[in-house]
Each structure stands twice: as structure tokens, then as C-alpha cells.
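Visitor: To start, I am sharing the structure in question, which I have written as C-alpha cells.
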Amino acid sequence: KSSVEGECVLTNKRIMVIGGLASKKMNLTSIESMQWYSDGLFCNRSTGKSVFLRPAKRSSRWNRFAMVAQHVRTGDPVLGIIPKNSFIPQLIEATIVSPGDFEALDRSASGSKYTFRVVGDFVGNRQYRASRLQIGEPVLLVREPCNEHDPNAVSVSDSQGGDLGYLKREVASWFCKMLDARKQMQFRVAGWTSGGSLLVDVFELR
């Protein structure tokens, strides 16, 4: 909801961002957890006003800051492994994402290609799993004919079977027939909408 640009300072009691026009500070005791990402450090606060610290540029100095901050907060050893996953997802091109419901698009010159928006992705740990995916990474689309809410339901999961959500009911009503026909298809991460919903690409192999 707000942002401050400036120098980030860590003490044994708080983190402060000191800028020319504004400043922000947060006590370490208010931070429930810290997660280090390739593009910054996410501070999950008990007040609900979480903070994402994004460096102007990645450097060894920033990496040391992120590790020391985690250690000061928890008191536990921190593995010196530089993360590869980003906190801010890469968004698909704006020409592909519409502000309303995202419908299927046939966008391939060689074979069918559809892009679907995953719904229900904010339930449980689904959004966390989705945030750790990379564009182009394979995902699974599986029919659920015994689903009590929708016999045409198509679930979406990562390559390890982690639940990511479902296809929209209107899309699943016709796409389930393609799955039932056992067509050869590949499913991959396409990107994210501006609202953070996961998008998946469907390729029909010929």
C-alpha cells in the first residue's frame, strides 16, 4: 500500500529504511517470519502490515544483509544458499491478460494452444506453491469425474502433485472432453495475471 526508497539499516532491535522524504521502521519482535528470495526479503509481520525489502541491485553486501537479518530475528543458523525463486512473479504480457475473467485463447500456429487461468488458487497453500514455479515449468491437468461439486472438474497441480487449484467451471465443461479423448498434450506455466492468478499453457501435440 505504500513504499519507501532509501538506505536499509539493521540493528539488534529493528529494521529501518531511511529515505530523503520518508522513512519506515519495524521492530524485529513484530516479524513472525522472514523469507529470502532472489529479488528481496519478505518480512511477514504479526500486525498484518508485512514488508518486502527489495534491493536496488543484487550484491554480496545485500546477500549478507538478508542472511544476518534472518539470523538476528530467529537466532538460528542460516544456510548461505542464494535463492533462485523470486517473490514478485513475472507477469504475462498485458495484451494477453484481460481485467475480467481470463478465457481460453487459441494462440498457436502449429497445433492448438490454449491459455487458462487457474481459479481457487488462493485457498490453503496453493498460492505459495504457485509462487515457487517458473515460467515454462510443467504442470499437471487431471480430470476429477467423481468431484461432488462438478463432475467436469479439472484440477491443476505441480509436477510433484502439489495442489494449485482448478480450471474455471465454464472452461472445464468443454476441456474435460479433450482429456477424455486422451489427446497428447503438454501443460506448462504461462505466467501470472496482474492480480496474481496462475496461468497455464496447453499444447496439443501432433
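The values are calculated or read from the model by the stated rules, or taken from the named source; none is laboratory data. This is a predicted model, so every value here is computed, not measured. Heads up: the accessible areas ignore ligands, DNA and RNA and are worked out on the full protein's heavy atoms, side chains in. Shrake-Rupley method; radii C 1.70, N 1.55, O 1.52, S 1.80 Å.
Visitor: Which far-off residues, 5 or more places away or on another chain, put their amide H under 5 Å from the one on Ser50, with H placed in the peptide plane?
Guide: Arg45
Visitor: For Lys177 and Glu5, compute 0.36 nm times the residue count separating them, minus their Cα-Cα distance, and round to one decimal in nm. Walk me through the numbers before you get to the answer.
Guide: Values: separation 172, 0.36 × 172 = 61.92 nm, distance 5.16 nm.
Once the chain is fully extended between Lys177 and Glu5, it gains 56.8 nm.
Visitor: Using a probe radius of 1.4 Å on heavy atoms only, what accessible surface per residue do you get for the chain? Whole Å² is fine. Don't skip to the answer; put the middle values down first.
Guide: Numbers: 12640 Å² over 206 residues.
Each residue of the chain exposes 61 Å² on average to a 1.4 Å probe.
Visitor: Moving on. For the chain, with all protein chains present and a 1.4 Å probe, just round the carbon and sulfur fraction of the accessible area to a whole percent. Before the final figure, lay out each step's value.
Guide: Values: 6340 of 12640 Å².
Heavy-atom surface of the chain belonging to carbon and sulfur, 1.4 Å probe: 50 percent.
Visitor: Please work out how much length the chain gains when fully extended from Gln127 to Ser38, using 0.36 nm per residue of separation minus the C-alpha to C-alpha distance, in nm with one decimal.
Guide: Details: separation 89, 0.36 × 89 = 32.04 nm, distance 1.79 nm.
My answer for the length gained is 30.3 nm.
Visitor: Listed here are the pairs Lys25/Lys57; Lys57/Lys113; Lys84/Lys113; Lys113/Lys168; which of them are more than 26 Å apart at the Cα? Let's see the in-between values first.
Guide: Numbers: Lys25/Lys57 21 Å; Lys57/Lys113 37 Å; Lys84/Lys113 29 Å; Lys113/Lys168 17 Å.
Where the Cα-Cα span goes over 26 Å, the pairs concerned are Lys57/Lys113; Lys84/Lys113.
Visitor: When only the heavy atoms of the protein chains count and the probe is 1.4 Å, how do Arg117, Arg64 rank by accessible area, highest first? All intermediate terms of the calculation are to be shown ahead of the outcome.
Guide: Numbers: Arg117 50, Arg64 135 Å².
Ranked list, largest accessible area first: Arg64, Arg117.
Visitor: Specify the angular offset, from 0 to 90 degrees and rounded to the nearest 10, of the alpha carbon long axis of helix 60-74 from the longest principal axis of the alpha carbons in the chain.
Guide: 80
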